[in-house]
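The structure appears below as structure tokens.
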Ligand SMILES: Cc1ncc(C[n+]2csc(CCOP(=O)(O)OP(=O)(O)O)c2C)c(N)n1
Ligand SMILES: [Mg+2]
């Protein structure tokens, strides 16, 4: 069911795709001297499965009407998605060097008007799921069989608009909607479960009429199985995959930092982070 001819022809493994995404994200952080690298490192496996296993798209035609829509509700995760879009061939690799520059198509927060493959301007948190509901409704009305994926964060579970959209998705039987939550248990001021706990997360979504799965979001096999189950489910519930991830995954000295929402990386540490990744490159 996966992506473009170019992607299906390539035999690069999913762990390697995730590694490539991580490396590009760290490079972008290095270019700008800052960035939400912890989020990108944590969610890289989810993005690899999305772009190299689940999504239907044409790299050479990002607006193809039949594409599955991938919405980045969390605009601050932009470098994570830019890395995946570069890896998928939707953006050219050399553009990575322009990240965050004044005339770049890769602004520091994701914006639909600037970047091919960026479906929405996210970043005002809690808006993405509502937009996804509208898109999924529209696709159904047009009898377009594409899916809408919405990547959101655990912080967004504290937004009331998320729950209004969740209720609406079940009411409208949006079986073409797959929500992904990057549950890293972090937000700007500390741990999400300590700021405003959404637990029990599974039960809440289930009570709202969704098909719910909760997986280790850094376990590639578990992610593949969950994405397949979400897509192939026979009933008309909207689907959600709650992905428990580790912020900064893959760079041990960053993994160890607390309050990782905006990781402070000293100038000499970018290279150290790249070295740590290079030491663990999958085949
Ligand atoms: C409506 C809204 N309120 C506040 C913010 C400021 N803000 C930006 S990122 C962030 C943290 C949200 O939690 P999460 O996305 O889980 O953070 P992370 O995992 O990236 O640390 C906040 C509060 C925002 N972008 N939108
Ligand atoms: Mg979070």
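The values are calculated or read from the model by the stated rules, or taken from the named source; none is laboratory data. What you are looking at is a predicted structure, and each value in this text was computed from that prediction instead of being measured. Please note: Cβ atoms are built from the backbone with ideal geometry, for glycine as well, and neighbour counts cover all protein chains shown.
Data overview
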| item | result |
| --- | --- |
| Test: residue in segment 218-225 that is closer than 23 Å to residue 67 by Cα and without any contact (Cβ under 8 Å) to a residue 24 or more places away in the chain | yes |
| All positions within segment 146-167 that are more than 16 Å from ligand 2 (Cβ to nearest atom) and without any contact (Cβ under 8 Å) to a residue 40 or more places away in the chain | 160, 161, 164, 165 |
| Residue within segment 258-273 that is in contact (Cβ under 8 Å) with a residue 24 or more places away in the chain, within 16 Å of ligand 2 (Cβ to nearest atom), within 30 Å of residue 167 (Cα to Cα) and surrounded by fewer than 21 Cβ atoms within 10 Å (Cβ to Cβ) present | yes |
| Residue among 125, 106, 180, 137 that alone is surrounded by 15 or more Cβ atoms within 10 Å (Cβ to Cβ), more than 14 Å from ligand 1 (Cβ to nearest atom) and closer than 27 Å to residue 259 by Cβ | 106 |
| Residues that are in contact with a strand residue (DSSP E or B) (Cβ under 8 Å, 6 or more places away or on another chain) and away from ligand 2 (no atom under 13 Å from the Cβ), drawn from segment 188-206 | 202, 205, 206 |
| Among the residues listed as 72, 41, the single one being more than 21 Å from residue 221 (Cα to Cα) and either in contact with a strand residue (DSSP E or B) (Cβ under 8 Å, 6 or more places away or on another chain) or within 16 Å of ligand 2 (Cβ to nearest atom) (or both) | 72 |
| Check on residue 35, surrounded by fewer than 24 Cβ atoms within 10 Å (Cβ to Cβ) and within 16 Å of ligand 2 (Cβ to nearest atom) | no |
| Residue check for residue 47: in a helix (DSSP H, G or I) and either within 16 Å of ligand 2 (Cβ to nearest atom) or under 15 Å from residue 109 (Cα atoms) (or both) | yes |
| Test result for residue 185, in a loop (DSSP other than H, G, I, E, B) and either free of Cβ contacts under 8 Å to residues at least 12 places away in the same chain or within 15 Å of ligand 2 (Cβ to nearest atom) (or both) | yes |
| Residue match in segment 53-65 (condition: in contact with a helix residue (DSSP H, G or I) (Cβ under 8 Å, 6 or more places away or on another chain), touching a residue at least 40 places away in the same chain (Cβ under 8 Å), part of a helix (DSSP H, G or I) and away from ligand 1 (no atom under 16 Å from the Cβ)) | yes |
| Which numbered condition residue 209 fails, given (1) within 16 Å of ligand 2 (Cβ to nearest atom); (2) surrounded by fewer than 19 Cβ atoms within 10 Å (Cβ to Cβ) | (1) |
| Check on residue 29, over 30 Å from residue 139 (Cα atoms) and either surrounded by 23 or more Cβ atoms within 10 Å (Cβ to Cβ) or within 16 Å of ligand 2 (Cβ to nearest atom) (or both) | yes |
| Enumeration of residues in segment 110-119 that are free of Cβ contacts under 8 Å to residues at least 40 places away in the same chain and buried (at least 17 other Cβ atoms within 10 Å of the Cβ) | 110, 111, 115 |
| Neighbours by Cβ (under 6 Å, 6+ apart or cross-chain): first from segment 69-98, more than 18 Å from residue 121 (Cα to Cα); second within 16 Å of ligand 2 (Cβ to nearest atom) and assigned to a helix (DSSP H, G or I) | none |
| Number of positions in segment 1-32 that are at pLDDT 95 or above and in contact with a helix residue (DSSP H, G or I) (Cβ under 8 Å, 6 or more places away or on another chain) | 17 |
